[in-house]
1. Helix 103-119 versus the longest principal axis of the chain: what angle, 0 to 90°, nearest 10, using Cα atoms?
2. Mind giving me the FRET efficiency for Leu142 and Asp338? R0 is 35 Å, r the Cβ-Cβ distance, nearest 0.05 is fine.
3. Obtain the nm distance between the two label points defined at Arg174 and Thr22 by a simple spin-label model: each point lies 7 Å from its Cα along the Cα-to-C-beta direction.
4. Which value at 222 nm does the chain reach when only helices count, each DSSP H run of 4 or more adding -39,500 (n - 2.57), with the total divided by all residues and rounded to the nearest 500 deg cm²/dmol?
5. By count of other Cβ within 10 Å, fewest leading, how are Ser152, Ser343 ordered?
6. Between Met441 and Phe91, what length comes free when the chain is fully extended (0.36 nm per residue of separation minus the Cα-Cα distance, one decimal in nm)?
7. In terms of modelled amide H atoms, which long-range or inter-chain residues lie less than 5 Å from the amide H of Val157?
8. Hey, for a label at Asp264 modelled as a point 7 Å past Cα toward Cβ, could you say which residues of region 217-236 have their backbone N under 14 Å away?
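No lab work stands behind these numbers, since they all come straight from the coordinates. Note that this is a predicted model, so its numbers are computed, not measured. Cβ placement follows ideal geometry from the backbone for every residue including glycine, while neighbour counts extend to all protein chains displayed.
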Amino acid sequence: MTIFLIRGQHIITMNAQREVLTDAAVAIENDRIIAIDNFEKLCVSHPNAVIEGNPRAVITPGMINGHQHLTGDRLIRSMIPDTIDSQEAIFGWAVPTHSRHTERDDYLSAVLALNEALCHGITTTVEAGTVGHPASVLQAQLAMGTRGTLGSWGWDVEDGPFAGTVSEVLDRQREVMHLTADTPLIDGWVTLVGHDLMSDELVTAASQLARDNNTRITFHISPSSGDTASYLARTGKHPVRHLYDLGVLGSHVLLAHAVHLNDDEIDCIVETDTAVAVCPWAYLRLAQGITAAGRHDDMLKRGVRISLGCDAENAGDAVDPIRNAALFAGLIRDRHMDPTLMSAVDALALHTIDAARAIGMADKIGSLEVGKQADLVVFGTDGPEWLTRSTEPILQLIWASSGSAVDDVYVAGKAVVKAKKSTQITGSSFTDIVAEAQERMTFLAGR
């Protein structure tokens, strides 16, 4: 089999020692990393290897996006006004758009969202739980060559798109697990909308369904103060405490957001080893109060598994893990006026190895180590932000650069992005998709 050497000036491994190798390369055979070492040594060991990357590049593990809506917002990207509150943005714009989506719309939306994600270095995308047509999104995931998860829209509210009874919602989750049973890069998860838009019966049964099938569940909770008010009115308890008392929480659960929590709710998360996906740009775009109420730094101190996420194209808008990591680090540092609380290395970990732990994949991805899947990103350094080159590449990557610096991306050893463009859907095929999506934008926006 052909061996590839992906070379760079700096290899950021994100291993336990956080090693950064200089003038090195990653050796790939099939879908695995077989060696990481000095470039010249690897050339001697593998004289017939195909050499890619470049001697000035910065190479990192593939980035992990712990929360991304692949449908809906993408086809009305950056069209929801930024002067309305989050409830109107979601229920006055985003949800009606989802309700008008056809199977083709879901495919177009997912292709474009994943194209941006991959071109910005995201090799694993956790779908956020608002997919009306899972088979269409799976088709897009497979076409783009990404790694990720897939779920189906899950809520049992009386009125809403794709709403159903508890049994109907659970059957849709089972259908997704069946669809993904033979797809090595895509895992079927149980996904609910969350908030206070799921009955106790549904969320309890859905959590158990995930346990029974050795998979995971994700849903939205407390991005703003609205969920707290709803749960207190309905149950007399704060949301996470109520979920804890129902027996929903656990290491198989990834809570999206968890911004407005009290001490008791954080205790519940810590005790159950529940993970959290945090989307800082979304909270700022929607004015949901992370600077006033966010407690994610407290969770990190207590060992909560956290992944950063990019959310949606009208909630943070850009699908860029580097901008995301820098923002989150800045918010934590500034809140306490303490630069020691989160470094650039810490921030990068929340889109790599720590994110992998949060989604239960740290044995396969998240760091560049022998035996792991060959998911990696080649950052070009020809842009002005890389002149001059720092001796601390992680500092320069997080604080000075962005996902736009990505040149090449590999998923399971396969180059899915080369020279900043997808290798999967190319030429007129991609141009036609963009044109079709543009035509759908005006209709779906309904404005």
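1. Here the helix axis deviates by roughly 40 degrees.
2. E(calc), rounded to 0.05, equals 0.20.
3. Placing both labels 7 Å beyond Cα along the Cβ direction yields 5.9 nm.
4. -11000 deg cm²/dmol
5. Ser343, Ser152
6. 124.2 nm
7. Under 5 Å from the amide H of Val157: Gly164.
8. Zone members listed by number: 228-229, 231-236.
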